[in-house]
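To start, the structure itself, in structure tokens.
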Amino acid sequence: MNQKARKPSSAPDALWESARNSVQLGNRLRKQGRLTEAEASIKEALKLKPEFEHAHNALGVVLWGQGRLQEAEASYRKALEIVPDYISVHNNLGMVLKDMGKLEEAAHSLRHSLRLDPSYARAHYNLGNLLSAQGDLEEAEASYCRAVELKPDYVKAHNALGIVQRGLRRAGEAAASFRRAAEPTISKLRQRNEHSISLLYTKNRESELTRLCDLHGSDKGEIDSNGNPYPWPSHTYTDFYELIFGQKRTSVRAVLECGIGTNNPNLVSSMGATGRPGASLRMWRDYFRNAKIVGIDIDRDILFSEDRIDTYQVDQTSSQSIHNFLEELDSGMVFDVIIDDGLHVFRAGKTLFEGAIDRLAEDGVYIIEDVQPSDLLRYDEYFGGLMNKYYVRYICLHQPRDRFSDNSLVMITKT
Ligand SMILES: C[S@@+](CC[C@H](N)C(=O)[O-])C[C@H]1O[C@@H](n2cnc3c(N)ncnc32)[C@H](O)[C@@H]1O
């Protein structure tokens, strides 16, 4: 919350105390993804103190997270009516306006927050994103450079800088920015995980698993980027999977994957309107010739069943939903491979892990995909307390020409 915001009241006041507590609770609920409850808690605060600027800001953040952009804009504007120089609200308003497609107004808000505080690294980063969306790559680069000058371990800004440098056809500088994006996370991971392997390779253009990605339309890898049904570059996971699963193609009997690949653009972690639901399930089915493949997803509309593939509706953020699904399966069924390619946030990953790990075979492999740098550190913290039960490896796959931010895996086996 911003330093220049008004203190609610200097006089001790039980109503202010309650309002502050409700906003704090709302912020905690939002971080847990419980947006409806967060909204209710913050609105409680506003009933008590309608002029509480932090509450209007917090409400704006929740509404923005729910995609209710106009309401979010109204909340931020209300906060600014109360405290016109509330720096972080100018930044937040800029981000909402950008999502609304009001790019000029968004730039105005972000620049206003930077006039109030030129050392505000996040606003420089957001301005960079806006300029990049407007196609002004040189100015975007300058904003990202300012952000990383102010905050040298700003992973997202290094990453974004690499993307614009790649767009400006300066491949060497882009690769250096991507490497810098990785460094802060990797050096923090080294504090607990002192061993590492540097694995250098030339891409195998004959890889069977990668070929199956192209055939079915999964973004876990690609041989030919032209054949993909989605607009972003693929991950390079199949390069690693060939390594660990190549000898197990006939012995793997059961695979569970969370994330069937919805093509509903309104759902979180969607593959986009052109995505092909079931792509990776078919890829696993064709790769592991003797395996049964089970897919789970929150989106009921993409469930299907075909040769050696069954799918179920499951919300991986709900222990109850995971429990109900496992109850439906044969009680003796264990999986040799479990892949979490679902929501891609730490809490959801942890909930699925805790709910499903008992169904991993003793010599099975559990993999969490698309782990963001900040989540790598959260998993490291979490698994640090479980070292007697699991071996955990953090696999950061580097692509020569692409982002670091979501090409990492957490791989867990039982001790
Ligand atoms: C990246 S896609 C999966 C892509 C697929 N594995 C592939 O490679 O073709 C992520 C999927 O996670 C699903 N998802 C999002 N939130 C979820 C949740 N809370 N529980 C279960 N699945 C969820 C989305 O509906 C989406 O289908």
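The figures follow:
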| quantity | calculated |
| --- | --- |
| Cα-based helix-to-principal-axis angle, 53-65 vs the chain, degrees rounded to 10 | 30 degrees |
| Segment 354-367 - phi-based ³J(HN,Hα) in whole Hz, Karplus 6.51/-1.76/1.60, Gly and Pro as x | 5, x, 10, 4, 5, 8, 8, 4, 4, 9, x, 10, 10, 10 |
| Under Karplus coefficients 6.51, -1.76 and 1.60, residue-wise ³J(HN,Hα) of segment 314-325 in Hz, glycine/proline x | 9, 9, 6, 8, 10, 4, 5, 4, 5, 4, 4, 5 |
| Whole-number D in µm²/s for segment 14-190 (Stokes-Einstein; Kirkwood sum over Cα pairs; 25 °C, 0.890 mPa s) | 142 µm²/s |
| Relative contact order for the chain, counting Cα pairs under 8 Å that sit 6 or more residues apart, in percent | 9 percent |
| Check: segment 1-147 dipole with +1 on Lys, Arg Cβ and -1 on Asp, Glu Cβ, in debye | 480 debye |
| Footprinting exposure proxy for SER218, SER319 (fewest neighbouring C-beta atoms within 10 Å first) | SER319, SER218 |
| Extension gain, ALA142 back to ALA40 (0.36 nm per residue minus Cα-Cα distance, nm) | 32.7 nm |
| Table column - 3J(HN,Hα) (Hz), segment 115-123, Karplus curve with 6.51, -1.76, 1.60, x for Gly and Pro | 5, 6, 8, x, 9, 8, 4, 5, 5 |
| Around ARG77: net Lys/Arg minus Asp/Glu count, Cβ-Cβ under 12 Å | -4 |
| Per residue, the convex hull volume that the Cα atoms of the chain enclose (Å³) | 163 Å³ |
| Helical mean residue ellipticity (222 nm; -39500 (n - 2.57) per DSSP H run of 4+; nearest 500) of the chain | -16000 deg cm²/dmol |
| DSSP bridge orientation in the chain - percent antiparallel, rounded to nearest 5 | 35 percent |
| Amide H partners (placed H, <5 Å) of ALA361, local residues excluded | PHE335, ASP336 |
| Residues TRP232, TRP284, TRP64, TRP16 arranged by fewest to most Cβ contacts within 10 Å | TRP232, TRP16, TRP64, TRP284 |
| Residues in segment 118-142 reached by a label modelled at LEU150 [backbone nitrogen below 18 Å; 7 Å Cα→Cβ] | 118-132, 139-142 |
| Sequence ranges 109-117, 245-253, ranked by mean other-Cβ count within 10 angstrom, highest first | 109-117, 245-253 |
| Fully extended contour minus Cα-Cα distance, from ILE357 to GLU105, at 0.36 nm per residue | 85.9 nm |
| Selection from ALA273, THR250, ILE367 lying farthest towards where the dipole of segment 197-370 points positive, charges on Cβ | THR250 |
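Throughout, read-outs are computed from the coordinates displayed, never taken from laboratory work. Treat the numbers as computed from the prediction; the structure is a model and nothing was measured. Reconstructed Cβ throughout: ideal geometry from the backbone, glycine too, with neighbour counts over all protein chains shown.
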